[in-house]
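Here's the structure we're looking at; comments come further down.
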Amino acid sequence: MFSNPIALTVLAATLMMLLLIAVVIITMVLSNKKNVQQEVKIAQMHLDHEKGLRELQDEVMADVARELHDNIGQRLTFMNLQLLQQKAVNPSGAAALQPVSEMVVHTIEEVRILGRSLNSDIIEKNGLVYTIEKEVERLQLLNKYEVHWEHDREPALNKDQKVIIFRIFQETLNNLLKYAEANHIHVSLSGDNGFKLVMKDDGKGFDLDKVMNTARGAGLKNILKRAELARLKCSINTKPKAEGGTGTTFTLEQIIQ
């Protein structure tokens, strides 16, 4: 059937070509699989590194929280007791000491709330809604902004995600207080149909692309990175007021797969 040498040569060349193509395809598949495995390994190393840093940060914050409660909090409480004693001993000077006493009591409460916000165990114990609500209450005590707070139920997230979300919330809020020059702040948290946190202000806004190339942009990039590691989507919608902007809206939400 294949007595013709030319036909045999063509058949052999075709088989060799098909074999070569098969080898190339198999090599590409194996190489791609190896690359994917390597990328997964690198991503896991990043996650482990981030988790280690977060655990170290939480440990340091827990130490600071204990120091605030056990040392500074007790000193302030002792100071307030001395003021109360002085008012009892010297009633005529009670009126002059009253503003100081009220300030000390207010400071004690601030230290207590701050200590709670630094301790990640509080987030696990009381939930994300409660912990963010306490931060909102601290913001309202400033009497500088009109603060609007809305929420529904506690989102179904693990502890690591909740801690990352709360730290992102704190950093975003700090940026808002430092730069936004806002009058109204809206904070909403939803746990229905997946997690979603929205922080909106009516401040001066900013050029996001330009800020990303500054030192402040490094902080925003860190927020985006931490959100990604926690399997969350982070978006920032803003524009300078001079260009028609109406403030900044920061959105953090769960990626539904």
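Each reported figure results from applying straightforward, stated rules to the coordinates on display, with no laboratory input. All values reported here derive from a predicted model rather than from experimental measurement. Heads up, the Cβs are rebuilt from the backbone with ideal geometry, glycines too, and the neighbour counts pull from every protein chain shown.
Here are some notes:
- HN-Hα J in Hz across segment 178-189 - Karplus 6.51, -1.76, 1.60, θ = phi - 60°, x for Gly and Pro: 7, 10, 6, 6, 9, 10, 10, 10, 10, 10, 9, 10
- The GluC sites (Glu not before Pro) of segment 144-225 include none that meets both conditions, a loop assignment by DSSP and at most 11 other Cβ atoms within 10 Å of the site Cβ.
- Separation of the alpha carbons by more than 31 angstrom is noted, of 87/125; 134/233; 134/210, for 87/125; 134/210.
- In segment 145-257, taking the dipole from charged Cβ atoms about the Cα centre, the farthest positive-side position among 203, 156, 183 is held by 156.
- Relative contact order for segment 145-257, counting Cα pairs under 8 Å that sit 6 or more residues apart, in percent: 27 percent
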